[in-house]
Structure formats: C-alpha cells, structure tokens
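Just below is one structure, and these are the notes that go with it.
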Amino acid sequence: MSRSLTALVLAGTLAAASGIIMLRPGAHPSAPAAPPAPTLVVFITVDQLREDYFDRFAAQLSGGLKRLATGGAFFVNAYHDHATTETAPGHSVTMSGRFPAHTGIVRNNAGVQDPQAPLVSPGLTKRLAGPAPATGASPFRFRGSTLIDWLRVKDPRSRALSVSRKDRGAILPLGRAKQEVYWYAPDGRFTTSTYYHDTLPDWVRRFNERRLPQRLAGGEWTPLLPDSAYPEADSVAVESEGKNFTFPHRLPADTAEATRLLGDFPQMDEVTVALALEGVQSLGLGAGPQTDVLAVSLSSTDAVGHRYGMNSKELHDQVLRVDRAIGVLLDSLYRLRDSSRVVVALTADHGVAPYPELHFARERGATLRADLTPLVTRYAERLAARGLDSSAFDFETGMLFVDRAAFARAGVSVDSVLRAFASEARRVPGVLRADMVRALASADTVRDAIARRWVHALPADLPVALVVTLRPYVYWSGVTYATHGTPHDYDAHVPVIFYGAPFRPGRYRRTARVADMAPTLAAAAGVTPTERLDGRVLREAFREVPSK
C-alpha cells in the first residue's frame, strides 16, 4: 500500500466524511489535580503486541503508542496469567478482571461461535468465501460481568461500542452486554449478529456504503521508512510459508479478493479506527454526564505476526503503522471530546514466539515441533476397542478432554489411562511436562507459573483431565506459521498502560496482570464491580489513590 493511499484513508476519507480535525502529534489530555469521573473509557487491545516492541522500536515511534508509553502509567512487567494465550481467552480477561477459569472462555474454537445468532446482513453468510465462513457469533459461553455492566448499575445511561476485525475481539471485551458490537466480514462490510440487532443501524450501513476496504483494492503495502531504518532481512524464506515474503505486498485488484485478504494488511487497522470514530460521533459516546466505553481491538499485528514472524521487516513496519493509527484515534477523540474526561487503557491479548527454525538455528538437532499425534492415535484405537469413541478421549492443543462417565460405562479406569498417557507424553521430544489437572491445585502456584496459569485457564466444569506443556519455543507439529498459545512468558508478557487525568505517568516495574485492568478502570470511574474479581486495583498508577 502506498503512503499516499494510507494517507487517503487516515486523513482525507476520515476527516472529510466525519468532520474530524487532527490535532498536532504531541497533543495529550490535561491532568487536573482532582479529575472528575471520565465520560469516556477507551480500551485499546492490539492483538499480539509484545511488550518488548516498545523498546525495540522506541526511536521510530511517533504516534499513539509513543504517547501512551511516555505519558501514561506503563506497567512493563505485565502478564496474562493463564495458560491458553489465544485471542478469545485474552479478550475475555481484558474488561472483566477475571481469568478464563471464571469467564468460561478457554480457547478460540469454543469462544464466540454461535449458529443461533446469525449475522444480520442479508445473504452475507452465503456470499462469504475463504477458510472461515461466517456462521454467527455471540457471547453465550461468557460467564459473569464486565466494566460496562458495573457502569450501568451506577448509571443505566452508560453505553458501549466495541469494534474489531475479529468477532471474538469485538464481542468478548463487553461480555454478555447487549451493546453496540461490530466486526469485519470478508466481503468488506462490518456486521453484527442477531444477539445484538435484527438489522444493521443506519450509521453502520452508511459507513459500509463508503466502501473503504474496496477502495484499497490493487494497492501496495510498502515500508513507511527508508530501507536503512529496518535492520531485519527481507528475504527470510520461513516467513509466509515461503511465499510472497518480500516487500512490496499487493492487494488483488479484484475487490472481492481484496476485501477478503485485507485482514492480513496493516490498513485493516485504519479502517477499524475509522469505524470506531464514526460510532463515537453517531452514538454520542463520551458526551456525558455518564461514563461510556469505547473498546477497539486492532488485529493486523496478529495477522502480520503470524504470517511473517516477530523478527520480520513486515512486523517492524506494522508496529510503526499501528502506532500511527492509534495516534489518529486519540487525536480525533480529543478533538471530539474533553480530553480531561477521557481515560485510555492499552494492552494485548497475548504475545508470540519466534519461528522455531530461527530461534533454534544454531542448535544442531534441536526439536522444533512436538508430535503427539501417534501417541494420541494409539490410545484412541485401544479405547475404541473397549467401546469408547473419540469424543471420550480428545486431545486438543495441550488439553486432554475426557468423558469420565463414558469411561465408567465401558469399565475402563480413566486414572490408569491418564497416568500411562502422561508418562509416555513426557518422553515425546519437545514436551516439557504433562500434568494431571487434579494435581495442579496442590502445586506451588506461587513459584510454579506454568501450574498457576493452567489453574487460571480451566473452569472447574471443563472436562480437561490432563494438560501438556511444550518446552520453550517449541511448536506443535503441523504448525507452519508463527504462533502463540503457551503458558510461557513470551506468550503471556504484554503491555499494560493507563493514560489520562487520573493516572501518574511513569514506568512501573511491579508485576501486574491484565486481570488488574478492569478493577483499575472501575476505580477510575468510581464504580464497584458486581462480583468477585481475580484482578486488583493498581493503586500505584493513580495520582490520587481512589477511595474504592
């Protein structure tokens, strides 16, 4: 994508259509000594944003990431404290203050999928092509409440808007609340499901009619800066499965193909920001007197990171671009609303690991990927001979799901099978440990972070009997893209930043958790959570310690 085309989307199209006047790059909210409750809480989740990117690219950041990192309360030792570091679990934690063990959202493939809540756009499901057809989505699996629920208990006028490229990125920050929630469909439109609306509101339809994604068809993604500004090689064949791994990257001229593939390009974030700003104006969010919520989940960093890896030139350029996109979001919001009444929080839903081919490049004979498939297949065949079908013994990305009732009916000792399986799994190259879930509760969860994160990941009623953890930086067999999902720190370490009048700028070294963000924002807004949380109020972040 050319620089001029990006400018068209960010400045010309957005400003002309929405009447937004951009502030100077250094603009920031004032900080009164005793700030009133915010009228707008802005929660930004950058999908797959590692904390160390802030230092790695610090000299080249000039927009929103720089502003938040240098002017906000930045907890640099912050983590997702659960084992299944995927998009759905991470987003379920952000504004709930609870771990997946209590939100009920443990993994992506049992996140927001819901055939009983079809998409509202007529014919959309039938026309979508590609690997992930849209079949409907809702938060029916989500348990408990989130920040918007606590705000509405205090003032029923509080409203929320959540937008993302991904359905799970839009839905889960608001939990089960029936607010304004929209995500991107591969045909180039933003949509929602019948859980929220029977038809798209006029303002969303008008936004879709502007056809911003379609206008990007045929464009190129080229680096923002001169080649000398990027130390990364642009010819690493392991990236993008060995195909199209060098700049420039082109969107197809065909609009249908271009809109389907836009999620893999940085410009997807820019379009998402444009929708968020349109929604703020159309819905009147943040105008007061109540506290409203804007949740924005930007997904391009995840797409670029998966395809090209964390050490790629593409990822480097993507972070610079999301920095600018967040800058546009903040500048525009401060033009629309009283900056002293806007509170901003930023985090990520997970981190990412480097390609094992690159991480282990100097270790001859290193195990790059662990393959438990032969072991699982062998046990499944033995159990089938005893009358147990595959659903009674199902292994998925480190979790062994067991139907104990089915084992009992078949007269098979489930504990004996689990002990034998665990013993053999530990001998598979690349496996670090295999733990019985029942034994995790008695582990030293203070010193044993892996045990603690598995405990925080698994609801008591989830039929997971055993969990397998791979050695650091080892992938599961068959995974050819850069990925995440483990209990290790590189997948769990993310930024946690609070910005605005209530917060004291600085870098905080004390360990924090993403689960601490919702109670901290609740304290800033002067509301009380309606249930017990896993997180705590990060009181050290405040200029004046809140009374609640």
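The values are calculated or read from the model by the stated rules, or taken from the named source; none is laboratory data. None of the values given here were measured: they were computed from a predicted structure. A quick note on method: Cβ atoms are made from the backbone with ideal geometry, for glycine too, and the neighbour counts reach across all protein chains shown.
The helices (runs of 4 or more DSSP H) located wholly in region 33-98 that include 3 or more residues which are within 30 Å of Leu458 (Cα to Cα) occupy 87-94. With respect to the conditions (1) in contact with a Lys or Arg (Cβ under 9 Å, 6 or more places away or on another chain); (2) crowded, with 17+ Cβ neighbours inside 10 Å, Arg426 falls short on a single one, namely (2).
Taking helices (runs of 4 or more DSSP H) as the structural unit, those lying wholly within region 326-413 and holding at least 2 residues that are basic (Lys, Arg) and not assigned by TED's automatic domain parsing to the domain that holds Phe503 correspond to 373-385, 404-410.
Taking helices (runs of 4 or more DSSP H) as the structural unit, those lying wholly within region 158-228 and holding at least 1 residues that are over 24 Å from the mean Cα position of the chain (by Cα) and not basic (Lys, Arg) correspond to 202-209, 212-215. Where helices (runs of 4 or more DSSP H) sit wholly within region 432-512, those with at least 3 residues that are over 19 Å from Leu372 (Cα atoms) and in contact with a strand residue (DSSP E or B) (Cβ under 9 Å, 6 or more places away or on another chain) occupy 449-457. For Asp317, the stated conditions do not hold, so it cannot be described as assigned to a helix (DSSP H, G or I) and in contact with a Lys or Arg (Cβ under 7 Å, 6 or more places away or on another chain).
As an exercise: evaluate Leu462 against (1) crowded, with 23+ Cβ neighbours inside 10 Å; (2) within 18 Å of Asp394 (Cα to Cα) and give the number of the one condition it does not meet. It is condition (1) that Leu462 fails.
Looking across region 376-400, the residues that are within 26 Å of Gly411 (Cβ to Cβ) and buried (at least 16 other Cβ atoms within 10 Å of the Cβ) come down to Val376, Tyr379, Ala380, Leu383, Leu388, Ala392, Phe393, Asp394, Phe395, Met399, Leu400. Considering region 401-415, the residues that are closer than 15 Å to Arg438 by Cβ and touching a residue at least 60 places away in the same chain (Cβ under 8 Å) include one that is surrounded by the most Cβ atoms within 10 Å (Cβ to Cβ), namely Val402. Quick one: would you say Glu241 is surrounded by fewer than 22 Cβ atoms within 10 Å (Cβ to Cβ), without any contact (Cβ under 8 Å) to a residue 60 or more places away in the chain and in a helix (DSSP H, G or I)? Criteria not met by Glu241. Scan region 341-385 for residues that are more than 30 Å from Val293 (Cα to Cα) and in contact (Cβ under 8 Å) with a residue 40 or more places away in the chain and the total you get is 17.
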